[in-house]
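A short write-up of the structure that comes next.
The values are calculated or read from the model by the stated rules, or taken from the named source; none is laboratory data. No experiment lies behind these values; they were computed from the predicted model shown. FYI the Cβ positions are ideal-geometry reconstructions off the backbone, even for glycines, and counts take in every protein chain you see. Areas reflect the complete protein model, heavy atoms only, side chains present, ligands, DNA and RNA absent. Shrake-Rupley method; radii C 1.70, N 1.55, O 1.52, S 1.80 Å.
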Number of protein chains: 2
Amino acid sequence: MKVHYECFACAANQCQKIVEIGTNDLELRRRGVIEAAKLMAGINGDSIPAVFGSEVFLGVYRVIGNDDPFKEYKELSNRLAEKVVSDIEKEGPNLKTALKLAIIGNVIDFAVGYSPERIEEDVKAMLSEELYVDHSDELFERLGKAKTLLYLADNCGEIYFDRLFIKKLKEAFPYLKIYVAAKDGPIINDATVEDLRKACFGEFAGIISTGTRIVGVPLDRVSDEFREVFEKADVIIAKGQGNFETLSEVKDNRVFYLLKAKCRPIARELGVPQGSMVCLKG
Amino acid sequence: MKVHYECFACAANQCQKIVEIGTNDLELRRRGVIEAAKLMAGINGDSIPAVFGSEVFLGVYRVIGNDDPFKEYKELSNRLAEKVVSDIEKEGPNLKTALKLAIIGNVIDFAVGYSPERIEEDVKAMLSEELYVDHSDELFERLGKAKTLLYLADNCGEIYFDRLFIKKLKEAFPYLKIYVAAKDGPIINDATVEDLRKACFGEFAGIISTGTRIVGVPLDRVSDEFREVFEKADVIIAKGQGNFETLSEVKDNRVFYLLKAKCRPIARELGVPQGSMVCLKG
């Protein structure tokens, strides 16, 4: 997905959030956004929002001297989501419900003072919503014939919902080899391979780094190891907007996007109402 | 006032508003914000928000091919404000109330579907608030001894509140020569000399252009004619944030700022709580 007109102000607002969360020093914050302004000048009509955004954010991290401004936020998200998912798991969700939960996990901002009970209520409300585009039957059919699945994770917190879905996939398709990919290092609230390890994804999947901190899977930046797994995978599940933004240009029919169209550009690109949840084949 | 860290995202958000109001063509909107990104790279620690913002906005105007995106918004503001002020005037406000009304006129967004009745209610509520910094006694004392006053206008709509205040000033200080300055051409919702003419400011003041479309009074950009009036003025009343941003660096004790500190940077710079109304000598 190429940059839409809303992506510029959105990236600028994210930079503001980064400097606010990343340092209390007003002068450093100011230098951070001035750096952001310089880096953003590189946007052109072919820019992919997730990629240029990440480059700008990493530049801001350097200037404010904080390599992981969302560290505490991510830890809190993981802790809360783990608790919530553990409770949901006891209710024995089926495979399709677990897929919807994986999408819902992308939507919740775990760290805004929510109680686990409140999150569970919200999750239940969202579970009653239909997917606006639902290619899950085809996804499951394809997984029945597949040897390997590559699962592209997105955010912290959300990964505990992914873990539940992946467990259910493993039950339904016991011979499927599953790889779960995450970022090589911290970038906004994205999950890193370290987060996957801490969440013990290794018990039912291979953990793999994309080889980059750039959001999504920019195929010109990923490691050789990742590219090999990517190329050999029979099916790819891509969670969230960043993975969609970087892969949608490729038109790869192995990919199934699981996401909620949170912003107008993504909704416009997908041709769905803003806020829709989709399981969409690429 | 030099750029604060919040000014970057604020300018980016204003650019988004400009392209949205300025064109329905998504591709033009996109080119507009890409131009904004390029122009914003010029920000440095010495930039004055009103000045770099204006330069960026004018660049966006050029790219989207709309030299006055806020035209309708401004016309509606002027029409509504004229009606509201005409009703308020019947209640015979005194000079100090008229000064507060001039500050309040800066706060109201006339064009967001307000009814005149609703605006009048809001105005009355704000009139009951005290000024957080109130140097109005000194302002009036100085005007009693002054020969000329330069009044720097700010936004459309607001100018009808200014007109009422200026009428009251003229009653209180009949020998005072008053100049009212506005922008030479359209820039966001700022009043232009044309707006002043339409509002018949000529009946009790000299109308003068700053000689530039840049928000505020950037003294390195104004016309020679304006600079002459500026230099000769005994007292200067500067309305709103843009005039404050461009003049606050000068430390000119002829200047009285009349504004509401709507944003955090202005409030921080003035050392007042955000939202405060002030009549502050420079």
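Any idea which residue in the stretch A:264-275 is surrounded by the most Cβ atoms within 10 Å (Cβ to Cβ), counting only those that are at pLDDT 95 or above and part of a loop (DSSP other than H, G, I, E, B)?
Across the stretch A:264-275, the extreme among qualifying residues is A:VAL272.
Which residues, taken from the stretch B:98-133, are open to solvent by 60 Å² or more (accessible area, probe 1.4 Å) and under 13 Å from B:LEU259 (Cβ atoms)?
The answer is B:TYR132, and nothing else.
When the residues of the stretch B:35-60 are narrowed to those that are open to solvent by 40 Å² or more (accessible area, probe 1.4 Å) and under 24 Å from A:ASN44 (Cβ atoms), which ends up farthest from the other protein chains (Cβ to nearest Cβ)?
B:GLU55
Pull out all pairs, ordered by first then second residue, where Cβ-Cβ is under 6 Å, the residues are six or more apart or on different chains, the first lies in the stretch B:102-128 and is among the acidic types (Asp, Glu), and the second is modelled with pLDDT of 90 or more.
From residues that are among the acidic types (Asp, Glu), the pairs are B:GLU120/B:VAL84.
Quick check, is B:ASP195 buried (at least 21 other Cβ atoms within 10 Å of the Cβ), among the acidic types (Asp, Glu) and more than 11 Å from the chain's Cα centre (by Cα)?
yes
From the residues in the stretch B:134-147 that are touching a strand residue (DSSP E or B) at 6+ places or on another chain (Cβ under 8 Å) and open to solvent by 30 Å² or more (accessible area, probe 1.4 Å), which one is farthest from B:LEU280 (Cα to Cα)?
Initially, the stretch B:134-147 is screened for residues touching a strand residue (DSSP E or B) at 6+ places or on another chain (Cβ under 8 Å), giving B:134-136, B:138-139, B:142-143, B:146-147.
Still in the list and also open to solvent by 30 Å² or more (accessible area, probe 1.4 Å): B:134-135, B:138, B:142, B:147.
Details: B:ASP134: 6, B:HIS135: 5, B:GLU138: 10, B:ARG142: 13, B:LYS147: 21 Å.
Applying the filter and picking the extreme gives B:LYS147.
Here is a check on your reading of the model: is A:ALA238 among the small types (Gly, Ala, Ser) and not in a strand (DSSP E or B)?
No.
Among the residues of the stretch A:12-34 satisfying the criterion of being more than 8 Å from chain B (Cβ to nearest Cβ) and under 14 Å from A:GLY53 (Cβ atoms), which is least open to solvent (accessible area, probe 1.4 Å)?
Among those that are more than 8 Å from chain B (Cβ to nearest Cβ) and under 14 Å from A:GLY53 (Cβ atoms), it is A:ILE18.
Okay, residues lined up against (1) of a type in the set (Asp, Glu); (2) in contact with a strand residue (DSSP E or B) (Cβ under 7 Å, 6 or more places away or on another chain); (3) closer than 26 Å to B:PRO218 by Cα:
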{"site": "B:PRO49", "(1), (2), (3)": "no, no, yes"}
{"site": "B:VAL60", "(1), (2), (3)": "no, no, yes"}
{"site": "B:ASP67", "(1), (2), (3)": "yes, no, yes"}
{"site": "B:GLU75", "(1), (2), (3)": "yes, no, yes"}
{"site": "B:ARG79", "(1), (2), (3)": "no, no, no"}
{"site": "B:LYS83", "(1), (2), (3)": "no, no, no"}
{"site": "B:GLY92", "(1), (2), (3)": "no, no, no"}
{"site": "B:ILE119", "(1), (2), (3)": "no, no, no"}
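List the pairs whose first member sits in the stretch A:75-97 and is open to solvent by 20 Å² or more (accessible area, probe 1.4 Å), whose second member is basic (Lys, Arg), and whose Cβ atoms are under 7 Å apart, counting only residues at least 6 apart or on separate chains?
A:LEU95/A:LYS168
Looking at this structure, is B:LYS2 outside the structural domain of B:LEU58 (by TED's automatic domain parsing), under 20 Å from the mean Cα position of the chain (by Cα) and either in contact (Cβ under 8 Å) with a residue 60 or more places away in the chain or surrounded by fewer than 21 Cβ atoms within 10 Å (Cβ to Cβ) (or both)? Even if it seems obvious, please write down each step before you answer.
Values: outside the structural domain of B:LEU58 (by TED's automatic domain parsing): yes; under 20 Å from the mean Cα position of the chain (by Cα): yes; either in contact (Cβ under 8 Å) with a residue 60 or more places away in the chain or surrounded by fewer than 21 Cβ atoms within 10 Å (Cβ to Cβ) (or both): yes.
Yes.
Name the residue that is farthest from the chain's Cα centre (by Cα), counting only residues in the stretch B:61-74 that are under 30 Å from A:ARG31 (Cβ atoms) and either open to solvent by 20 Å² or more (accessible area, probe 1.4 Å) or at the interface with chain A (Cβ under 10 Å from one of its Cβ atoms) (or both).
Filtering first and then ranking leaves B:VAL63.
Among B:PHE230, B:PHE226, B:PHE244, which is surrounded by 17 or more Cβ atoms within 10 Å (Cβ to Cβ), out of contact with any Leu (no Cβ under 8 Å at 6 or more places or on another chain) and not acidic (Asp, Glu)?
B:PHE226
May I ask you to say which residue of B:PHE173, B:PHE204 is touching a helix residue (DSSP H, G or I) at 6+ places or on another chain (Cβ under 8 Å) and at pLDDT below 95?
B:PHE204
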